[in-house]
Amino acid sequence: MIRKICSASRIDINFPHRRSMPRPPVRQQEGYVDAFDATTLFYDVYRYRDRIMFSGPPLWDLRKFAQAGAYNIDWHTLRPVFLDQWKVQRSFANTVATGDRISITSELANGVFPISPDENDLFEGRKVLFTLSKNNSLQWIADWAEFHVRSHGVDAVLLYDNKSDLYDPATLLNALAGIEGIKVAVVMSWPFKYGPSGGYGPRWDSDFCQIGAIAHARRRFLADCRGMINADIDELVVCEEGGTIFDHLDASPVGAVSFSGLWLEAVAGIPQPRHRHFRYHLKKPVVCPRKWAIVPAAVPDDVQANVHDFGSGFEPDFLESVRYRHFVAINDDWKYKRAHAAMFKGHRHTVDAAYVQVMKAIGWAL
């Protein structure tokens, strides 16, 4: 089994330069300024194929300073292309230089910085479960991984840890490595500000961290994997008519599928509920935003993968027979108050027969 803790070669922005905030003060909710990442220039500088990738939040008004800088590896001059996408940058430089450090001289950053390796070999051919997580219960994380191993044949997990302070990366790695069937477990330290929420209205324009992690994972780790499931710790993907999500990916002409979600609640009397304790949804179900799974090599490199959809007009195949289950109380209230177990009410709730059937099939039935 491969077990590994990885880190990023973070580069911060020199004072007094800072990333501009996209919202005017009147649209900034309480805590917006402290939550906003104004100082990270690059999350990571890493190798991907014959390129050096500069992963980070969008440069926006800092782009002109980045372009004016000098970038060198072993006396080879790089000519980076600085590209902003929605809430993330996809900047890169083609090079034949083989050194493991990059020299940067600019108004934004000065110094010699390590270059992280291309680690796509770790996940080559693997069926990967991916997420970003902070301080989720280790039991929840283990259950989330176990479910996808047993129901979809997942054999590798890539978890980006967003500054958890309830445990260290080694403890988290041990929780993943203890799941039977997992052949590769990697914890990627991702110690960056998540970013402000939407605030007043649907303005999710300032949260760079999660989309940055997705873009980083696609290229540093998962470019050669068989498939990648994007699911949070409180989400389990259920194929309601049998098979696995990787079967659907194999059948997809575009190498990408999406599916909607369904909220599950009602676990009265259990003080610390786990995924397997849920079995009810509302009789008038609340539908969740779509999530996805992809074969990274099949999705054009310039297409941005977001949390719920894709950029550049890219359309995955939508699966009617697949829905992820979203668990109300598998949460620490990081976004809003929901970490409580709802009481069962016969006039509101009905049994989720498809999820119960899958739980029985994988040995989870109580």
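The values are calculated or read from the model by the stated rules, or taken from the named source; none is laboratory data. Remember, it's a predicted structure, so these values are computed and weren't measured experimentally. Positions of Cβ are backbone-derived with ideal geometry, glycine not excepted, and every protein chain shown enters the neighbour counts.
Find the helices (runs of 4 or more DSSP H) located wholly in segment 132-245 whose residues include 2 or more that are within 23 Å of Ala298 (Cα to Cα) and in contact (Cβ under 8 Å) with a residue 12 or more places away in the chain, and list them.
Values: elements: 138-152, 169-177, 209-220.
Result: 138-152, 209-220.
Considering every residue within segment 243-251, establish whether at least one is surrounded by fewer than 21 Cβ atoms within 10 Å (Cβ to Cβ) and over 20 Å from Ser151 (Cα atoms). No, every residue in segment 243-251 fails to be surrounded by fewer than 21 Cβ atoms within 10 Å (Cβ to Cβ) and over 20 Å from Ser151 (Cα atoms). Considering only segment 8-34, state which residues are farther than 27 Å from Ile104 by Cβ, out of contact with any Gly (no Cβ under 6 Å at 6 or more places or on another chain) and touching a residue at least 40 places away in the same chain (Cβ under 8 Å). Across segment 8-34, the qualifying residues are Arg23, Arg27, Gln28, Gly31, Tyr32. Whenever a residue of segment 35-64 is on the phi < 0 side of the Ramachandran plot and basic (Lys, Arg), its partners that are at pLDDT 95 or above and not in a strand (DSSP E or B), lying with C-beta atoms within less than 7 angstrom and at least six residues away or across chains, give the pairs Arg47/Ile115; Arg47/Pro117; Arg47/Asp118; Arg63/Phe82. Is it true that Lys64 is farther than 21 Å from Asp161 by Cβ and basic (Lys, Arg)? Taking the combined requirement at face value, the residue satisfies it. Listed by first and then second residue, the pairs with beta-carbon distance under 7 Å, at least 6 apart or on different chains, first residue in segment 246-258 and within 12 Å of Leu319 (Cβ to Cβ), second among the small types (Gly, Ala, Ser), are Leu249/Gly227; Leu249/Gly255; Leu249/Ala293; Ala256/Ala298; Val257/Ala293. Kindly check whether there is at least one residue in segment 171-191 that is touching a Pro at 6+ places or on another chain (Cβ under 8 Å) and hydroxyl-bearing (Ser, Thr, Tyr). Yes, the conditions are met somewhere in segment 171-191.
Are any residues in segment 293-312 surrounded by fewer than 18 Cβ atoms within 10 Å (Cβ to Cβ), in contact (Cβ under 8 Å) with a residue 12 or more places away in the chain and touching a strand residue (DSSP E or B) at 6+ places or on another chain (Cβ under 6 Å), and if so, which ones? The answer is His308, and nothing else.
For residues that are over 18 Å from Ile233 (Cα atoms) and modelled with pLDDT of 95 or more, tally how many sit in segment 312-330. Can you show your working first?
Here is the first cut: in segment 312-330, the residues over 18 Å from Ile233 (Cα atoms) are 312-321.
Subset that is modelled with pLDDT of 95 or more: 314-321.
So the answer is 8.
Taking the conditions (1) of a type in the set (A, V, I, L, M); (2) part of a loop (DSSP other than H, G, I, E, B); (3) closer than 21 Å to Leu249 by Cα in turn, Ala297 satisfies each one other than (2).
Just checking, which of Lys127, Lys163, Lys134 is on the phi < 0 side of the Ramachandran plot, surrounded by fewer than 21 Cβ atoms within 10 Å (Cβ to Cβ) and modelled with pLDDT of 95 or more?
On the way: Lys127 fails: surrounded by fewer than 21 Cβ atoms within 10 Å (Cβ to Cβ); Lys163 fails: on the phi < 0 side of the Ramachandran plot.
After ruling out the rest, the residue left standing is Lys134.
I'd like the residue in segment 61-85 that is hydrophobic (A, V, I, L, M, F, W, C) and loosely packed, with under 12 Cβ neighbours inside 10 Å and, out of all such residues, is farthest from Asp37 (Cα to Cα). If you could, list the steps in order and put the result at the bottom.
Taking segment 61-85 and keeping what is hydrophobic (A, V, I, L, M, F, W, C), we get 62, 65-66, 68, 70, 73, 75, 78, 81-83.
With the extra rule that they be loosely packed, with under 12 Cβ neighbours inside 10 Å, the set shrinks to 68, 70, 75.
Values: Ala68: 22, Ala70: 24, Trp75: 32 Å.
Selected residue: Trp75.
Among the listed residues Phe259, Phe246, Phe221, identify the single one that is farther than 25 Å from Ile330 by Cβ and at pLDDT 95 or above. Walk me through how you get there before you give the answer.
On the way: Phe259 fails: farther than 25 Å from Ile330 by Cβ; Phe246 fails: farther than 25 Å from Ile330 by Cβ.
Of Phe259, Phe246, Phe221, the one residue that is farther than 25 Å from Ile330 by Cβ and at pLDDT 95 or above is Phe221.
Of all the residues that make up segment 67-101, how many are closer than 18 Å to Ile214 by Cα and assigned to a strand (DSSP E or B)? Walk me through how you get there before you give the answer.
Taking segment 67-101 and keeping what is closer than 18 Å to Ile214 by Cα, we get 83-92.
Now narrow it down to the ones that are assigned to a strand (DSSP E or B): 84-85, 88-92.
The total comes to 7.
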